[in-house]
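In what follows, a single structure is set out as structure tokens and then discussed.
The values are calculated or read from the model by the stated rules, or taken from the named source; none is laboratory data. Worth saying up front: this structure is predicted, and the values here are computed from it rather than measured. Ideal geometry is used to build each Cβ from the backbone, glycine not excepted, and the neighbour counts take in all protein chains shown.
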Amino acid sequence: MKFSIVIPTRNRPETLRSAVRSCLRIERSDLEILICDNSDDANYARVRALVGEFGDPRVRLAKNPKSPCSMSANWSFGINEARGEFITVIGDDDGMCDFACDIAEAALSQSGAQVVHWTPSLYWWPCCSNRKVANTLKVHFGRAQGTAIWRRIDLGLLLKVALQDVREWYQLPMVYNSFVHRDVFSRFRAEWGDHFLFAVCPDIYSGVALSCTGVSAVELDCALNVHGLSSRSNGEAHVVATGNNEIREDFSTLLRSEGITDLPEIANIGVFAYGLADSFYRFKKLNPNAAAPYELNRTTLARNQASEIAESNDSFDVRLAYLEKLSDFFKPEHMPARAVERVRAVFLADRTRFDCGQRSDVIYGLGHGIGFLDGSKFGLESIADATAFVSNLFSVRQSCNEQDGMNNRAFYKKCFPPFVLDAYRAIKSRLEK
């Protein structure tokens, strides 16, 4: 077995169906799609029926014997159960592009690396709580149409950058946006036991752990999967404080039952900045020598936690209350406290500055190909639709090559998909009028 796509799930058979459909579009026999179920009895029965409906031997269902358990425990269980040489994890509302395994295999065989990493695309399901971006697809364009380009990366350097500028957490080679050789996880199990992703956010924790352990890695310039945000996502429930309280409370209760409680070093406020800090401090306590070269910039942490609160979709009063709570937490630390107060002052002076704006059909910058597309215009209704759209948009299956130094403006103009260039010219024309 060459590849394993692990899909941990808990009480979400509706979105799971679409996630599995996206994986089944991958035309390879050396692939397993491993569903790790952490559901209650009623939803487990629905998941079993769903697996039967697919009727594909590549789909395997494993019931977690410790269910109900935390998300991090279920992720660890799934990785332990995987049979593939290279393993990735997606959520039950995420999807894989149909060329994912082909491109990953080419990059891994050419480079000899243990990890191949990419920046994922993102899809806000039509049911997500932020109505301004519902049914929006954020696409990461590869630099060359018809070719995926890989380059070697220094994981230690990426971690240092992420810890100094917390906004860069997504650059870490997480198992959530990478294929990782199974021998790496064998090392983790040998050192830390079966539950080796012992943190609030197992995805971010895996990125910290991989960065600190010196594995060889390459980065692709095109996304191999699409992360989804639906009304029942754990991430969506935590981004909005007044969102799905049932999901958020269930998530927290299961963490506490396994001894994963709040750390005294950080305030449990926000999602991504908090998740990086929690993962780093937990890894540092478990592996002080491996984490010794790294240090978290607490001023940046405070500023990014405050910005996450200010930019959330909660009411003004809820956001202000969280900012005041964060300010109280950092009060003993001069620079972090000032960072929070600066964000709070701007928020009070002009709250609209932090409100999420309406999407544009395409936002494009040379050298950083990112497009925001209105899914309703392309008939998208689910993550399976979104991954099929991305897969059809790019012909990267044709080849995969190492970065060749062609990093100039003319190269981008020549190789980006034509419709992206047309959109860029249209935007530029409007700006020049």
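Filter region 27-53 down to the residues that are out of contact with any strand residue (DSSP E or B) (no Cβ under 9 Å at 6 or more places or on another chain) and of a type outside the set (Gly, Ala, Ser) and list them by number.
Within region 27-53, 27, 40, 41, 46, 53 qualify.
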Can you say whether residue 248 is closer than 22 Å to residue 67 by Cα and either without any contact (Cβ under 8 Å) to a residue 40 or more places away in the chain or not basic (Lys, Arg) (or both), as far as the supplied structure shows? yes
In region 235-249, anything at pLDDT below 85 and surrounded by fewer than 17 Cβ atoms within 10 Å (Cβ to Cβ) is listed as 242, 245
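Among the residues of region 111-126, write down those that are of a type outside the set (Ser, Thr, Tyr) and either under 20 Å from residue 210 (Cβ atoms) or surrounded by 18 or more Cβ atoms within 10 Å (Cβ to Cβ) (or both).
If the condition is that a residue be of a type outside the set (Ser, Thr, Tyr) and either under 20 Å from residue 210 (Cβ atoms) or surrounded by 18 or more Cβ atoms within 10 Å (Cβ to Cβ) (or both), then 112, 113, 114, 115, 116, 117, 118, 120, 122, 124, 125 are the ones that fit.
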Among 324, 308, the single one that is over 23 Å from the mean Cα position of the chain (by Cα) and assigned to a helix (DSSP H, G or I) is 324
Report, by residue number, each residue of region 378-403 that is assigned to a loop (DSSP other than H, G, I, E, B), modelled with pLDDT of 85 or more and within 15 Å of residue 224 (Cα to Cα). none
From the set of residues in region 245-286 that are within 20 Å of the chain's Cα centre (by Cα) and among the charged types (D, E, K, R), which is nearest to residue 333 (Cα to Cα)? 278
Go through region 255-276 and count every residue that is assigned to a helix (DSSP H, G or I) and surrounded by 16 or more Cβ atoms within 10 Å (Cβ to Cβ). 6
Please verify whether residue 190 is among the small types (Gly, Ala, Ser) and touching a helix residue (DSSP H, G or I) at 6+ places or on another chain (Cβ under 8 Å), treating the condition exactly as stated. no
If you check residue 87 against the conditions, is it in contact (Cβ under 8 Å) with a residue 40 or more places away in the chain and in contact with a strand residue (DSSP E or B) (Cβ under 9 Å, 6 or more places away or on another chain)? yes
Cβ-Cβ distance below 6 Å, separation of 6 or more or different chains: which pairs start in region 329-351 with a residue that is at pLDDT 95 or above and end on one that is in a loop (DSSP other than H, G, I, E, B)? 329/267; 337/331
Among the residues of region 176-187, is any closer than 22 Å to residue 258 by Cα and hydrophobic (A, V, I, L, M, F, W, C)? yes
In region 200-236, the residues that are in a loop (DSSP other than H, G, I, E, B), under 12 Å from the mean Cα position of the chain (by Cα) and closer than 13 Å to residue 276 by Cβ: 201
Lone qualifier among 231, 279, 252 - being under 30 Å from residue 95 (Cα atoms), small (Gly, Ala, Ser) and crowded, with 21+ Cβ neighbours inside 10 Å: 279
Return yes when residue 184 is more than 24 Å from residue 302 (Cα to Cα), in contact with a strand residue (DSSP E or B) (Cβ under 6 Å, 6 or more places away or on another chain) and either in a loop (DSSP other than H, G, I, E, B) or among the aliphatic types (A, V, I, L, M) (or both) and no when it is not. no
Residue list for region 291-317, restricted to those being farther than 17 Å from residue 208 by Cα and small (Gly, Ala, Ser): 302, 306, 307, 310, 312, 315
